[in-house]
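Derivation of every value follows stated rules applied to the coordinates shown; laboratory data play no part. Quick caveat: nothing in here was measured; it's all calculated off a predicted structure. Counting neighbours? That spans all protein chains shown, and the Cβs are built from the backbone with ideal geometry, glycine included.
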Amino acid sequence: MTSLTFLGATGQVTGSCYLLETGSRRILLDCGLFQGSKETEKQNGVDFSFDPAGIDAVVLSHAHLDHCGRLPKLVKDGFKGKVFLTEASFHLLELMLTDAVHLQLRDTEWENKRRQRAGKKLLEPLYELEDVEALLKLRQAVAYEKEKEIFAGLTVSFHEAGHILGSAIVRLRINDHDDHDNVKTLVFSGDLGNPKSPLMRDPAILTEADVLLLESTYGDRDHKPLENTLDELRETLAEAAKSGGNVIIPAFAVGRTQDLIYWLGKIQRQGGLPQQQIYLDSPMAIRASEIYADHAHLFNCDDTEFTKIAPRGWQAWLNGLIYSQTPEESMAVNRIAGGAIIIAGSGMCNGGRIRHHLKYNLWRRNAHIIIAGFQAEGTLGRTIVDGKKKYLKILGSEVNVAARIHTLGALSAHADQSQLLHWASNFKTSPRLYLIHGEKTAALSLQTCFLRTGGWHAEIPRVGEKITF
């Protein structure tokens, strides 16, 4: 008998992790960080509910930290199996985890200095650099659409998810009893991309499954029409140029940053980009952009001009793009009072250089803050979007919220409600459907839509719930 246990990203959008147990094997689908409020992030330090040494393999949907960020902890606690992932994720995973370990080691060091002065117990880092290095040795890349037998009676294949470079819909075929008539198929959507993405190909269409795990990040809404969003972006840039303020854009280093650079370059070619200086203030995003350029063959081919220029790099596409690598360069950007576009991480404003730029710009009435991605509950980005607080505490300072806040949902890298429903409608028979990776309101809304439009009952699992099939 095969079972699946839901261990994360149920009722919330982070901490993706699912335990598949066949007759003789135990496989994890993803092993991601919990991100958001301090209470949410405490879950990262909790012991796994299973023995990591008993896990035979991990199948990774993509390289965002909420899907891969606890893999080094898994190794630290005893995991020695293979990590199967796509070829592009193979390269992005090293970037993401190396950056993550340096950030968490730094944060742990700062927190321990504070605790030491207060006479409190010191914290242990979630994992060390050596754990990341050990994990990276376990990677095994698999090409899209290739069926790979990872164990006897268990095969995996990756299919384009269209979310970020290397993102995949995962299909597992399970044959517990060496009986060709008894093969069970599990499909895990990973994070499904927005088909309007300028860079990524559309999510692949799958038609058969016995069990379907479907993300529901935007299960309660549809994105604004893309053209309307791009018009709003053009108007925001023009207004900021007229008032002399900066445009601050929190962006995820992998995926959102590259989409933004594409659209800014497109607007520039149409004569609608008045700003002459565009700063990418994130070493991680700069390296991710280089990896994207190295894999330009995976982009969609809708824009022939871009596909010709892309292999030469992003600065060839967007004139005036300046890479800000060092802390000194970042501090120099902080001193710019107006006239610039500043893209920095983290995407939810919970850490990184974006907090400095918000501290120096959020109080300026002529500044504009563009939110172009999902903001989880408990994050600074969500607080800014909700607009309920006039003052925010940022890096020890009380900052007045006076800047204009813009939310550009159509630039999201996630499929919206209608797109999720359409993608799932391609399955010939209705598999057992479980809605994951979404806040409760989003999952409940999508559940209602499935029932109303096709009489398809979707279940919303609880953390720790186990199903068999």
Determine the distance separating the Cα centre of the stretch 117-135 from the Cα centre of the stretch 431-469; give it in Å without decimals.
37 Å
Expected sort for S167, S445, S189 with the fewest Cβ neighbours (10 Å cutoff) up front is S445, S189, S167
Kirkwood Rh, the stretch 226-411, all Cα pairs: how many Å?
16.6 Å
Counting other beta carbons within 10 Å of each residue's own, what order do C449, C31, C301, C349 fall into, fewest first?
C301, C449, C349, C31
Fully extended contour minus Cα-Cα distance, from A337 to D302, at 0.36 nm per residue:
8.9 nm
Would you please calculate the Kirkwood hydrodynamic radius of the stretch 1-91 over all C-alpha pairs and express it in Å, rounded to one decimal?
13.3 Å
With contacts defined as alpha carbon pairs under 8 Å and 6 or more residues apart, what's the relative contact order of the chain in percent?
19 percent
Relative pair counts by distance (%), Cα atoms of the stretch 1-160, 5 Å bins:
2, 9, 17, 21, 20, 14, 8, 4, 2, 1, 1, 0
Treating only the Cβ atoms of Lys and Arg (+1) and Asp and Glu (-1) as charged, compute the dipole magnitude of the chain about its Cα centre; round to the nearest 20 debye.
1720 debye
Most to least packed among 387-395, 372-380, 190-198 [average Cβ atoms within 10 Å]:
190-198, 372-380, 387-395
Pick out the long, greasy-scoring helices in the chain: whole DSSP H runs spanning 15 Å or more along their own axis by Cα, mean Kyte-Doolittle at least -0.5.
283-294, 440-454
Compactness of the chain - radius of gyration and Dmax, Cα, Å:
22.0, 70
Can you say what percent of the DSSP beta bridges in the chain, counting only those with both residues inside, are antiparallel? Round to 5.
45 percent
Expected sort for 228-235, 46-53 on mean C-beta neighbours within 10 Å, highest first, is 228-235, 46-53
Between S3 and I205, what is the FRET efficiency for a Förster distance of 41 Å, r being their Cβ-Cβ separation, to the nearest 0.05?
0.90
7 Å from Cα along Cα→Cβ at both E465 and A134: what's the point-to-point distance in nm?
3.5 nm
Put in order of increasing Cβ neighbours within 10 Å, starting from the fewest, W456, W314 give W456, W314
One finds the C-alpha centres of the stretch 208-238 and the stretch 329-358 to be spaced, in Å, by 25 Å
Note to self, the chain gives a 222 nm [θ] from helices alone (DSSP H runs n ≥ 4, -39500 (n - 2.57) apiece, / all residues, nearest 500) of -9500 deg cm²/dmol
Each label point is 7 Å from the Cα along the Cα-to-Cβ direction; what then is the distance between the points at H457 and F151, in nm?
3.1 nm
